[in-house]
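The values are calculated or read from the model by the stated rules, or taken from the named source; none is laboratory data. Computed from a predicted structure; not experimentally measured. Cβ sites come from the backbone with ideal geometry, for glycine too, and all protein chains shown count toward neighbours. The accessibility values were calculated without ligands, DNA or RNA, using every heavy atom of the protein model including side chains. Shrake-Rupley method; radii C 1.70, N 1.55, O 1.52, S 1.80 Å.
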Amino acid sequence: MRCLVVDDDREFSYKLSIYIDNFLKGIFKSYQVAEINEKFDDFSQYQDIDLLFIDIDFNIIKRLQRNNVNYPIIYVSSRQELVFSSLTTQPFYFVRKQNLEDDLKELFKLLNIYYKKTIKMITFDYYGRKTSIF
C-alpha cells in the first residue's frame, strides 16, 4: 500500500501524513506515506500508488484520469467553494482543511469500508493487535 500526499504546504502535508499513517497502520501491515511538495507535474511520481490526497489541481487530476487511474482520489483544500466543481472529476472525498479532523474521521470510515469491499481483506483484532489477511 502506497499513499501519496500532494500539497505545496510542507507543514500541512506533514500533519496530514501523520493522520494517514495512524489510519493505515490499523489496516495494513506494510504501507508507505510519501509527500510531494513541489514539481507536481512530474507524473512519474503518481505511478504505483494506491491512495492519493491532493490539494485541488484539476489539470493533474484530469490527466491522471485519462490514464485510467484506479485508486481513490481525495481532495484536500482550504477553498471550500470548490466542493461542487470538484464533483466533475468524481473524487472519493473532499476534505476541508478548516475542518480537518472531523472530515478525516468520516473519510477514514468510508476508506475502511472501501478497502474491505475491494481488497477482500479480513482483519482480526486480538487484544489490540491487528492482523489482516488478503
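Observations, loosely collected:
- Residue match in the range 112-125 (condition: crowded, with 17+ Cβ neighbours inside 10 Å and either in contact with a His (Cβ under 7 Å, 6 or more places away or on another chain) or within 21 Å of Tyr31 (Cβ to Cβ) (or both)): yes
- Among the residues making up the range 68-82, those that are touching a residue at least 12 places away in the same chain (Cβ under 8 Å) and either open to solvent by 90 Å² or more (accessible area, probe 1.4 Å) or among the hydrophobic types (A, V, I, L, M, F, W, C) (or both) are Val69, Ile73, Ile74, Val76, Arg79, Leu82.
- Restricting attention to the range 1-25 and to residues that are in contact with a Leu (Cβ under 9 Å, 6 or more places away or on another chain) and either farther than 21 Å from Phe94 by Cβ or open to solvent by 50 Å² or more (accessible area, probe 1.4 Å) (or both), the residue that is modelled with the lowest pLDDT turns out to be Met1.
- Exactly one residue out of Asp55, Asp41 is touching a residue at least 12 places away in the same chain (Cβ under 8 Å) and open to solvent by 50 Å² or more (accessible area, probe 1.4 Å), and it is Asp41.
- Failed item, numbered, when Ile49 is tested on (1) within 23 Å of Lys116 (Cβ to Cβ); (2) surrounded by fewer than 18 Cβ atoms within 10 Å (Cβ to Cβ); (3) in contact (Cβ under 8 Å) with a residue 60 or more places away in the chain: (3)
- Glu35 vs. criteria within 14 Å of the chain's Cα centre (by Cα) and open to solvent by 40 Å² or more (accessible area, probe 1.4 Å): yes
- Of all residues in the range 101-110, those that are out of contact with any helix residue (DSSP H, G or I) (no Cβ under 7 Å at 6 or more places or on another chain) and buried (at least 17 other Cβ atoms within 10 Å of the Cβ) total 2.
- For Asp102, the conditions (1) under 13 Å from the mean Cα position of the chain (by Cα); (2) within 17 Å of Asn22 (Cα to Cα); (3) free of Cβ contacts under 8 Å to residues at least 40 places away in the same chain all hold with the exception of (1).
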